[in-house]
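All remarks here apply to the structure that follows.
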Amino acid sequence: MAVHIFEPPQVHVQVLPASPEGKSKGMPKPPQARRRSKRIKAVMPVRLWIADSQESHLAHTLDITARGVRLGGFQGEVTVGDKIYVQRQQKRAQFRVVWVSGREGSSEKQLGAEILGNEAIWGIELPKQMDDYQERE
């Protein structure tokens, strides 16, 4: 009789260092913090380009805010700090990648990106109020 031991897949996350207004490592975290804008769960197909590249990639949104987006299903190569263009229907905006996460054994990645301009590409009204959230330990 063979015994199989389940080992969860490895998850790789790449994060930018904290911004000057952000918290530094080792500082105590407040029990509750505020996001700059409220997240909206929305799954929408998008096409994206890494700046200075003609090759486009398909992906989809997972969460959107007035300041950024979380994308899933991305299968290209991207690193933190890369500038990307995200297109939804006929509207396009430039973003900067702030984190990338991928599962070992899968070609699909998730990434978080902040918008670099004021373009409204989502086609829906986004709330302007802050969003309370709990920090993870």
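The values are calculated or read from the model by the stated rules, or taken from the named source; none is laboratory data. All values derive from a computational prediction rather than experimental measurement. In this analysis, Cβ positions are derived from the backbone assuming ideal geometry, glycine residues included, and neighbour counts consider all displayed protein chains.
Pull out all pairs, ordered by first then second residue, where Cβ-Cβ is under 9 Å, the residues are six or more apart or on different chains, the first lies in region 68-79 and is free of Cβ contacts under 8 Å to residues at least 40 places away in the same chain, and the second is among the hydrophobic types (A, V, I, L, M, F, W, C) and not in a strand (DSSP E or B).
Once the first residue is free of Cβ contacts under 8 Å to residues at least 40 places away in the same chain and sits in region 68-79, its partners that are among the hydrophobic types (A, V, I, L, M, F, W, C) and not in a strand (DSSP E or B) give Gly72/Val43.
Is it true that Gly105 is touching a Leu at 6+ places or on another chain (Cβ under 8 Å), outside any strand (DSSP E or B), in contact (Cβ under 8 Å) with a residue 60 or more places away in the chain and exposed (fewer than 14 other Cβ atoms within 10 Å of the Cβ)?
no
Look through region 40-97, keep the residues that are assigned to a loop (DSSP other than H, G, I, E, B), aliphatic (A, V, I, L, M) and loosely packed, with under 14 Cβ neighbours inside 10 Å, and return whichever of them is farthest from the chain's Cα centre (by Cα).
Selected residue: Ala51.
Anything in region 26-65 that is modelled with pLDDT under 85 and not basic (Lys, Arg)? List them, or say none.
Step one: list which residues in region 26-65 are modelled with pLDDT under 85, which gives 26-40.
Within region 26-65, Gly26, Met27, Pro28, Pro30, Pro31, Gln32, Ala33, Ser37, Ile40 meet the criteria.
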